[in-house]
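First the structure, in the form of C-alpha cells, and then the observations on it.
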Amino acid sequence: MFPITRRHFLCASAAGLASSPICGDEPVRDREVKKELPNPKAVKEDAAFQPATLFLTWHTDPTTTMDIQWVGVRGETADTTVYYTPTALTVLAQTFPWRAEKSVARPYPQSDFKVFRAELTGLLPGADYTFKIGKQSPAYRFRTMPAKSTDAISFISGGDCGVNTAALANNAQAARQDPMFAIVGGDLGYDNGRSVETSLAFLKNYSRTMVGRDGRLIPMIVAIGNHEVDGGYAKPRSKATFFYPLFDGLYPETGYATLDFGDYLSLVLLDTGHTSPIDGDQTRWLEKTLKAREDHPNVFVINHVPAYPSFRNPQPAEVKGAATAKPGTGELQRKNWVPLFDKYRVPVVLEHHDHTFKRTKPLLDGLPHENGVLYLGDGSWGRLRNPKKADPLHVMAKTSDEYHLSLHRIQGEERFHLAMDKDGRVMDVARTGQRKKGAMSVGG
Ligand SMILES: [Fe+2]
Ligand SMILES: [Fe+2]
C-alpha cells in the first residue's frame, strides 16, 4: 500500500494553491482530504489544473533556461505540455507565438506519483515569461536571469527548513525580498528518504509561499543534506529516495554539480558525504572545477555539513571503549576542500546543518586573514540550536540562535551578505570582494 493514495493527491491538487492548507507541524495526511475537496471522478480532464507542488529549478544556464516541475499522477490532466511565451511581448503574439515543451514523467518512489519535468531552453535572458500547463491551467510566471550582471543580482540562501511554522514564516520573509532565486543547502523537508508525505509537504509549502511580488515563481536550487538520505551518510543514490527523482537534472550521476550563470556567477554545490565521498573523486572534481573558474568574479560554494561548525564539535573526540577517536565535524572538508577554497579564490562558502546563524572571520588556512574565505551559515531556515560558545578553532566572528535567511546582493565588484530573522530584522551584514591571487598553494 502506498502511504498517499491517488485519490488523496488528486483532491489536494484540484483544491489548488489558494485553498490548500499550509503544511505545518501537523502530519500532512491528517489534514489534507477535507470535505470541500471534489470527488476525483468529478475532476474533468479539461478542468483547471493547479498542481500544488509546482516549482521551478535549473540544471543548466539560468540566463536562457528554466525547468518546470511538479509531482502528480498520470491522467489527472489531459495535457501535461508546458506552453510559454515572453510576458511583455504577448501583445505581439503573432511574432512571439506560444511555444510548447512536452513534460517528461518519471517515477516518484514509494507512491504512484510521477515527477513531471519540462525543460525550457533557448529563452530570452532577463525576460518575464508566462506559462501554462496544458491549455486550461492558470497562467504562471517566471523570469530568466539576465545575460550580464549590469544591474544588481540578488538571491536568498539558507538550509535546514523542515515543514513547521518557522520554516513557513521564513519562506514568506524570503519571498518578500523578491529574490531572483533561492538556494536551499540541504535538509529540505526532513523526509529522511523515507517519508513521501514530508517530501510533498516541503514542495507544497515552497510552491505556495515562494512567490515574488509580481506573482513570479521563485526558482529553487538545492544541495543534498543528510536528511534527504535514508541513513544520512555514505549511502548509494537510491537511498536519497525523493531527492534524486526531483533534482537529477542538476545531479544526473553525482551529489555535486556546478551551475554557471552566464559569465558572472558560479554556484559550486557539494555533497558532504551523503551519497558521494568527500575525498577522492569529489575533491579531484572540485579542484578542476575551481581552477576553471579561478578568474570568475562570483564563485559561491554551497555545502551542507560545515567545515567550520558553530554547534557541533570540530575536533576529534575520544569515545569510551572505541579504539579510535570520533572525527570532528568538518574535519574531512577542512583537510580536502578548504585548501582548494583558499587557493582558487573562493570568496564565500555557504554552510548549513548546525541550525544556527554563524559568520566566521575571513580565513586562510584556518586562520584569520584579510584575504581569506568567508564561511556563512549554519542552516536555521526552520530548525534551531544554540551555537556553542567554546569556538575551539577560534574562527567565529558572530553566532546566534535565531532562525535566519541570508540575502546576497552582487553589485559591481562587491557582494553584500545580509542575514535576517524570520520577522525581517537585520541580524548581520558582511561585505566581500574578489580575493587577491596567489593566496595559498595547496598543501602550503
Ligand atoms: Fe538539519
Ligand atoms: Fe543536516
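Take every DSSP beta bridge whose two residues both sit in the range 134-293; close to 45 percent of them are antiparallel. Among the listed pairs 235/326; 239/335; 291/398; 204/235; 335/436; 335/437, those with a Cα-Cα distance over 24 Å are 239/335; 291/398; 204/235.
Summing Lys and Arg as +1 and Asp and Glu as -1 over all other residues whose Cβ lies under 12 Å from the Cβ of residue 124 gives a net charge of +1.
For the range 325-342, the residues whose backbone nitrogen is under 16 Å from a point 7 Å from the Cα of residue 369, taken along Cα to Cβ, are 334-342.
Each residue, residue 409 and residue 385, gets one label point 7 Å from its Cα in the Cβ direction; the gap between the two is 3.2 nm. Given a 1.4 Å probe and the protein chains as shown, residue 287 ends up with an accessible area of around 60 Å².
At full extension, residue 60 and residue 98 could sit 11.5 nm farther apart than now, given 0.36 nm per residue minus the alpha carbon distance.
Heavy-atom accessible surface of residue 342, to the nearest 10 Å², is about 0 Å², with a 1.4 Å probe and all protein chains retained.
Of the accessible area of the chain, with the probe set at 1.4 angstrom, what percent is carbon plus sulfur? Carbon and sulfur together cover 52 percent of it. For the range 335-384, the spread of Cα coordinates along the three principal axes comes to 33, 21, 15 Å, biggest extent given first. Using the Cβ-Cβ distance between residue 292 and residue 317 with R0 set to 41 Å, the FRET efficiency works out to roughly 0.65.
Each DSSP beta bridge with both residues in the range 260-390 is either parallel or antiparallel, and the antiparallel ones are about 45%. For the chain, the dipole from Cβ point charges (+1 on Lys and Arg, -1 on Asp and Glu) about the Cα centre works out to 280 debye, to the nearest 20.
This model, with +1 at the C-beta of Lys and Arg and -1 at the C-beta of Asp and Glu, gives the range 190-340 a dipole about its Cα centre of some 400 debye. Panel note: the C-alpha atoms of the range 272-417, placed on their principal axes, show extents of 54, 36, 29 Å (largest first). When the alpha carbon gyration tensor of the chain is reduced to an equivalent ellipsoid, the three semi-axes, largest first, read 37, 26, 19 Å. The range 250-266 and the range 356-373 have Cα centres spaced 25 Å apart. At the residue level, residue 67 shows approximately 0 square angstrom of accessible surface with a 1.4 angstrom probe and all protein chains present.
Computed with a 1.4 Å probe over protein heavy atoms only, the accessible surface of the chain comes to 41 Å² per residue.
The values are calculated or read from the model by the stated rules, or taken from the named source; none is laboratory data. None of the values given here were measured: they were computed from a predicted structure. All Cβ positions, glycine included, derive from the backbone under ideal geometry; neighbour counts span all protein chains shown. Ligands, DNA and RNA are stripped out before the accessible areas are found, and what is left, the full protein with its side chains, is counted by its heavy atoms. Shrake-Rupley method; radii C 1.70, N 1.55, O 1.52, S 1.80 Å.
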